[in-house]
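Participant: Let me give you the structure first, and then I'll get to my questions.
What follows draws every value from the coordinates through simple rules; no lab data is involved. These figures come from a predicted structure and were not determined experimentally. Neighbour counts run over all protein chains shown; Cβ positions are idealised from the backbone, glycine included.
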Amino acid sequence: MSQHRHIGLERLDGEDIGRDPRTMSAHELEFLGHARVSPLRALRLKCLDCCNGSAKEVRLCTAVDCPSWPFRMGKNPWRRPLGGEERAKRQARFAGKITVAPSDAQKTGGEFGAPHLGRARDPDAPTSAFPASVLDGNTGGAS
């Protein structure tokens with residue numbers, strides 16, 4: 001557990017409760033040891049935590065009643081497939097052939113994610129692309 005966990009806590013009726021992360025700065029969240037990750041990546045990391053760090057066990061997971069189960073491979077199964085024309089348009093945009101005004105996420109400093117495009121990744125491979133601090137200190141098990 002983080003030695004600075006008190007940053008993420010506040011007192012309510014004499015008890016410690018978790019602060020609302022929406023009211024915390026990015027610096028505070030990073031100081032607690034949290035990395036900037038997409039919601040899907042966060043779900044994947046939680047599944048890895050639940051399966052004691054084993055990507056194979058995440059793939060083989062039988063907890064079909066878990067709300068995270070459909071997202072355990074780091075993909076949204078309900079996202080509609082892109083058509084050929086739409087896919088080509090997005091690829092051209094990401095390759096810099098078409099200039100587009102920056103999105104709100106880009107204006108506010110959100111991660112864009114373009115550097116990883118074009119690199120194939122084995123969904124069963126461990127998430128070594130993320131800092132070890134994201135996975136360090138996990139005790140495993142469902143929590």
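Participant: Go through the range 45-79 and name the trypsin sites (Lys or Arg not before Pro) that are in a DSSP coil and have 15 or fewer other Cβ atoms within 10 Å of their Cβ.
Facilitator: Working: sites: LYS46, LYS56, ARG59, ARG72, LYS75, ARG79; in loops: ARG72, LYS75, ARG79.
Sites meeting the loop and neighbour criteria: LYS75, ARG79.
Participant: Per-residue HN-Hα couplings for the range 41-54, Karplus 6.51 cos²θ - 1.76 cosθ + 1.60 at θ = phi - 60°, whole Hz, x for Gly and Pro?
Facilitator: Rounded to whole hertz, the list is 5, 4, 5, 4, 5, 5, 5, 4, 4, 4, 9, 6, x, 9.
Participant: With no solvent and one equal point scatterer per Cα, compute the Debye intensity ratio I(q)/I(0) for the range 26-87 at 0.13, 0.15, 0.16 Å⁻¹ and report its log10, rounded to two decimals.
Facilitator: -0.47, -0.59, -0.64
Participant: OK, next. Using 1/(1 + (r/R0)^6) with R0 = 25 angstrom and r between the beta carbons of ALA95 and ALA35, what's the FRET efficiency to the nearest 0.05?
Facilitator: According to the calculation, E is roughly 0.40.
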